[in-house]
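Structure first, then comments.
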Amino acid sequence: MDNRFSNIFNLTEDQAIALLKKPLNTEDGTSERYVGAAHLINFPTERSINALIEAIKDLDPALANRIARRKAVESLGRLKATQALPILKTCLADPDPLTVENAVWAIGEIGTEDESILEAIANLLTKPHQTYRVIIHTLANFSYLPALERIQPFAIHDDKSIASAAIASIARLDNDYSQMDEVVEFLQHSDINTRRACIQDLIDAEYYAAISAIAKAPISVAFRLRGIRLLAAKGLATGRVNFAEIEPSLDSIIRDRPQDIDLVHEYDQPPELEFLIKELYHTDFGRCYLAGKTILEIYPQEAVAALLQTYQEEAHNDYGAHFHVVKLLGLLKHQASYDLIVEALHNTSPQFQKSRAAAAIALGNLQAVQAIPLLKKTLDTPIFDLKYACLLALEQLGENCWSEVVDDQNLLIKTKANYQLNSN
């Protein structure tokens with residue numbers, strides 16, 4: 001195993017700059033230049049910024065250098081280095097589309113009112129083989145109205161993630177929301193990347209009418225929850241929506257039952273249980289939800305043994321499958337899985353965070369009153385979905401704890417708590 005860069009986060013600024021300036025003809029200079037460019041985001045100094053700018057000026061066409069330049073461009077964006085705008089503007093004419101993409105993104109992160117830079121970005125829409133989605137997003141974020149006519153043709157682009165960005169940007173720039181229902185329909189697109197992308201577009205366009213559709217979309221709970229939270233926060237702050245309109249969708253996402261999802265896939269014939277278990281490992285959560293729903297409908301008796309077996313063999317170490325297994329054991333009301341579910345509730349590994357909320361909901365589904373003290377203790381967490389899930393589970397177990405969080409730091413928990421108290 002190659003451990004040369006295992007100490008990357010212990011590099012000093014001098015070491016990172018030295019790596020960035022390493023000659024290309026040394027062994028593995030490629031990786032080292034890239035590592036230097038990546039690591040300099042930890043040092044927001046003039047020296048680091050100048051080193052990154054110098055790296056971009058090196059136009060050696062070798063792949064090694066192109067990769068390092070792309071990363072240097074990105075790092076300048078992360079550092080929000082306004083002094084880098086002139087060099088980033090030159091990158092907009094770079095022959096490497098990925099360098100162009102990173103330059104557009106970086107300029108968006110830094111911010112500018114320079115019309116010549118914004119016009120150069122807009123003109124990229126007339127060039128072939130560009131990353132149009134990033135370009136369109138950036139122009140909309142800058143509210144650059146002169147780009148509108150160049151954005152409009154992309155609303156019918158074959159790549160629906162690009163079409164989605166264009167429609168949402170037209171809505172933002174021209175206050176024309178007539179096509180936004182098309183973006184909502186992309187939540188049911190066969191391509192997972194299109195489904196994920198259009199959630200961001202619905203957020204950007206502040207399209208509150210999409211909240212219930214986002215809740216039911218066949219996408220990972222993390223994407224849907226982010227969408228609802230951002231739309232809800234903006235909508236509540238501006239008075240465009242009230243909590244009664246948000247609550248059913250928010251609760252549905254936290255409970256995350258496969259039978260509540262509008263599924264995009266289907267089976268030609270009922271699959272074997274073994275196949276369905278394997279589908280729980282799929283990176284497309286739409287397939288996972290279909291498998292989960294089918295397991296609950298067709299194999300409620302045989303499923304527990306199969307779920308426990310896959311948990312022991314692989315799912316305990318696969319955060320996606322782990323999440324679905326924990327959730328399904330709760331929906332199947334398998335009391336003997338109590339200890340496994342409690343273990344998931346207490347799993348603090350970052351990648352297993354989704355499983356903690358799923359475990360809280362599962363304990364509610366088990367009617368596990370013995371878990372009430374554990375769930376109450378977990379209310380101390382700053383993690384939004386975990387706290388919300390614990391509150392829902394406690395409610396399911398006959399313990400209404402919303403009064404304890406009326407002053408919560410999280411807007412939606414605080415709003416829900418006050419809404420509950422005022423409704424009763």
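Side notes on the structure shown:
- Top-ranked residue of segment 361-397 - restricted to ones that are free of Cβ contacts under 8 Å to residues at least 40 places away in the same chain, part of a helix (DSSP H, G or I) and within 22 Å of the chain's Cα centre (by Cα), ranked as nearest to ASN410 (Cα to Cα): LYS387
- Residue pairs whose Cβ atoms lie under 9 Å apart, sitting 6 or more positions apart in sequence or on different chains, and linking a residue in segment 236-264 that is at negative phi to a partner that is surrounded by fewer than 12 Cβ atoms within 10 Å (Cβ to Cβ) and not in a helix (DSSP H, G or I), are VAL264/SER190.
- Odd one out for THR348, checked against (1) without any contact (Cβ under 8 Å) to a residue 24 or more places away in the chain; (2) of a type in the set (Ser, Thr, Tyr); (3) in a helix (DSSP H, G or I): (3)
- Pairs meeting the criteria (first residue in segment 288-305 and surrounded by 21 or more Cβ atoms within 10 Å (Cβ to Cβ), second residue charged (D, E, K, R), beta carbons under 6 Å, at least 6 apart or on different chains) are ALA291/GLU279.
Here's the yes/no breakdown for (1) in the same structural domain as THR194 (by TED's automatic domain parsing); (2) in a helix (DSSP H, G or I); (3) under 28 Å from the mean Cα position of the chain (by Cα); (4) among the aromatic types (Phe, Trp, Tyr):
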{"position": "GLY36", "(1), (2), (3), (4)": "no, yes, yes, no"}
{"position": "GLU54", "(1), (2), (3), (4)": "no, yes, no, no"}
{"position": "ASN65", "(1), (2), (3), (4)": "no, yes, no, no"}
{"position": "ARG69", "(1), (2), (3), (4)": "no, yes, yes, no"}
{"position": "LEU76", "(1), (2), (3), (4)": "no, yes, yes, no"}
{"position": "ILE87", "(1), (2), (3), (4)": "no, yes, no, no"}
{"position": "ASP94", "(1), (2), (3), (4)": "no, no, no, no"}
{"position": "VAL100", "(1), (2), (3), (4)": "no, yes, yes, no"}
{"position": "ALA103", "(1), (2), (3), (4)": "no, yes, yes, no"}
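- Of the numbered criteria (1) free of Cβ contacts under 8 Å to residues at least 12 places away in the same chain; (2) within 29 Å of ILE228 (Cβ to Cβ); (3) not in a helix (DSSP H, G or I), the one GLU185 fails is (3).
- ASN422 of a type in the set (S, T, N, Q) and surrounded by 16 or more Cβ atoms within 10 Å (Cβ to Cβ): no
- Taken as a whole, the structure places LEU280 among residues that are touching a Ser or Thr at 6+ places or on another chain (Cβ under 9 Å), closer than 29 Å to LEU391 by Cβ and touching a residue at least 40 places away in the same chain (Cβ under 8 Å).
- Just one of (1) surrounded by fewer than 17 Cβ atoms within 10 Å (Cβ to Cβ); (2) among the polar types (S, T, N, Q); (3) within 21 Å of GLN396 (Cα to Cα); (4) under 28 Å from the mean Cα position of the chain (by Cα) fails for SER355. It is (1).
- The condition of being buried (at least 21 other Cβ atoms within 10 Å of the Cβ) and within 27 Å of THR194 (Cα to Cα) does not hold for ARG69.
The values are calculated or read from the model by the stated rules, or taken from the named source; none is laboratory data. Predicted, not measured: the structure shown is a model, and the values here were computed from it. Using ideal geometry, Cβ is built from the backbone for each residue, glycine included, and neighbour counts are taken over all protein chains shown.
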